[in-house]
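Quick notes on the structure that follows.
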Amino acid sequence: MINRRKFIYHSIVGATTLHFVDTAYAASQKQQKNNKNGGPIIVSTWDFGIAANLAAWEVLKNNGRALDAVEVGVKVPEADLKNLTVGKGGYPDRDGHVSLDACIMDENGNCGAVLAMEHITHAISVARLVMEKTPHVMLAGEGALQFALENGFQKENLLTEESGKAWQEWLKDAEYKPIMNIENQHFSPNKLPGNQYNHDTIGMLALDANGNLSGACTTSGMAFKMRGRVGDSPIIGAGLYIDNEIGGATSTGVGEEVVRTVGSFLVVELMRQGFSPEDACKEAVARIVKKKPEKAKEIQVGFLALNKKGEYGAYALQEGFSFAVCHEQQQDLLIQGKSIF
């Protein structure tokens, strides 16, 4: 039986804890309101999202369209040779081929994607042309490359010297065992521990001055993947989804698990039911854990969401997931996302 002194102590601790939680929640809500301020906003995955957001902001600050902003924004990491997980600097598959995946979606539900496309740096721009110039949503492999070349893109070798060295090093053991959050660790190939490599993605969501949403997602996929492997990034509803009445969501991490839950679509539908962006992302992550609890402890998956009000939130399986935020008050905000584990 609890005595009076213990009862008073637990009552005070409980009240203090509740006050702390309520205060933290209120502070979070205040920050959300200050950040959105009724104006344009951009959110994107990982620390390289800061530079991408700055490029996208040049479009939004001049009352540009969200669709143009996300395309311009993600082209920055696509062209960054130091980025080992997106675009031209990305690691190759196990046969030494760099293949890219990307998709884009606008406020009207129009969307386009390219899958396993080689020799073209700006996969996101090809994806946009698929959306705007064809009756299709997706083009893959040689067909995507042919379409890009027919529309003026230049064929190039995407295997950089650094990525080539990393591939040669990997071939010594040919072991695939991803590490998490490599995009925040900035390892050079000769410093990567134990021949363990991962990939990641930039997913970007934007709300423009007219209140319209668009999103983009682009990646070079898992390092040393099987040739032809496609993850969630170019799959509408998995790696990216936009509903202009509700909001948008994008994902990052091991794409196979996102595809199994149709993750980004799930996040948007949860927001439709009244979930906040963060709570919607948390529930999507929790469903991955529920399906494969043991595997979930060994991989990283994160979701990022932005609703129609300009409120944003994120959640991941593991610690280490960060996302960048850009709006009128601050253009270089980097936030550490919450995690299940």
Here the gain from full extension of Leu81 to Asp279, 0.36 nm per residue of separation minus their alpha-carbon distance, amounts to 67.8 nm
Near Ile288, within a Cβ-to-Cβ distance under 13 Å, what is the net charge of the other residues, with Lys and Arg +1 and Asp and Glu -1?
-> +2
State which entries of Lys292/Lys338; Lys172/Lys291; Lys225/Lys291; Lys291/Lys338; Lys61/Lys88 exceed 25 angstrom in Cα-Cα distance in the structure shown.
-> Lys172/Lys291; Lys61/Lys88
Going fewest to most other Cβ atoms within 10 Å around each Cβ, Thr160, Thr219, Thr250 line up as Thr160, Thr219, Thr250
Does a label point 7 Å from the Cα of Asn210, set along Cα-to-beta-carbon, have any residues of region 242-269 with amide nitrogen under 15 Å, and which are they?
-> 244-245
Per residue of region 216-232, in order, report the coupling 6.51 cos²θ - 1.76 cosθ + 1.60 (Karplus, θ = phi - 60°) as ³J(HN,Hα) in whole Hz, putting x for Gly and Pro.
-> 9, 8, 8, 7, 9, x, 5, 4, 6, 5, 5, 4, x, 5, 10, x, 7
How far apart, in nm, are two points set 7 Å out from the Cα along the Cα-to-Cβ line at Asn157 and at Thr134?
-> 2.7
Expected unfolding gain across Gln168-Asn108 under the 0.36 nm per residue rule, minus the alpha-carbon gap, is 17.1 nm
Cα extents of region 209-341 per principal axis, largest first, Å, are 42, 28, 27
From the backbone phi of region 90-97, what are the Karplus-calculated ³J(HN,Hα) couplings (6.51 cos²θ - 1.76 cosθ + 1.60, θ = phi - 60°) in whole Hz, Gly and Pro given as x?
-> x, 5, x, 7, 5, 9, x, 9
For Glu245 and Lys338, FRET efficiency with R0 = 35 Å and r from the beta-carbon atoms, rounded to 0.05?
-> 0.85
Sites Glu175 and Leu149 - FRET efficiency at Förster radius 41 Å, r taken between beta-carbons, to 0.05 | 0.70
Using alpha carbon coordinates only, what is the Rg to Rh ratio of region 50-126, with Rh defined as the Kirkwood radius?
-> 1.02
Averaged over all viewing directions, the convex hull of the alpha carbons in region 39-339 casts a projected area in nm² of 13.8
Built amide H within the under 5 Å cut-off of Asp93, gap 5+ | Val98, Ser99, Phe224
If the cut-off is 14 Å between C-alpha atoms, which aspartates and glutamates fall inside it for Lys309, apart from same-chain ones fewer than 8 positions away?
-> Asp208, Asp243, Glu245, Glu278
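We did not get these values from a lab; they are worked out from the coordinates using the rules stated. All of these numbers come straight from a predicted model, not from anything done at the bench. Note that each Cβ is placed from the backbone with ideal geometry, even for glycine, and that neighbours are counted across all protein chains shown.
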